[in-house]
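Participant: Below are the structure tokens for one structure; questions will follow.
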Amino acid sequence: MYRPKEQWADGDFATNHCPSCSKLVQTRLTYRTVQLARTRLRVPQVLVDVCSECGRTISVARQALAQFREAGVAK
């Protein structure tokens, strides 16, 4: 049975579907500043999954969700 990794770290590699490249690609987790859609809110140093081919942010690591909650409260 497949179990997702509980804690990701900067520099980890994974495989994910990139909507920009329209294919399955190798990705790397790294820290970036993320701007929330339809807002001006920017959350710094968020661990995200980045496409190794186009450089687009694909997803956010589960453990970074607390940063988004905290940033929303600070508004």
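Participant: Note down the Stokes-Einstein diffusion coefficient of the chain in µm²/s, whole number, using a Kirkwood radius over alpha carbon pairs, 10 °C, and 1.306 mPa s.
Facilitator: 120
Participant: Now a separate question. Could you give the length gained on full extension between residue 62 and residue 39, defined as 0.36 nm per residue of separation minus the Cα-Cα distance, in nm?
Facilitator: Contour length minus the Cα-Cα distance gives 6.2 nm.
Here, each number is a calculation from the coordinates, and none is a lab measurement. Everything numeric in this text was worked out from a predicted model, so none of it was measured.
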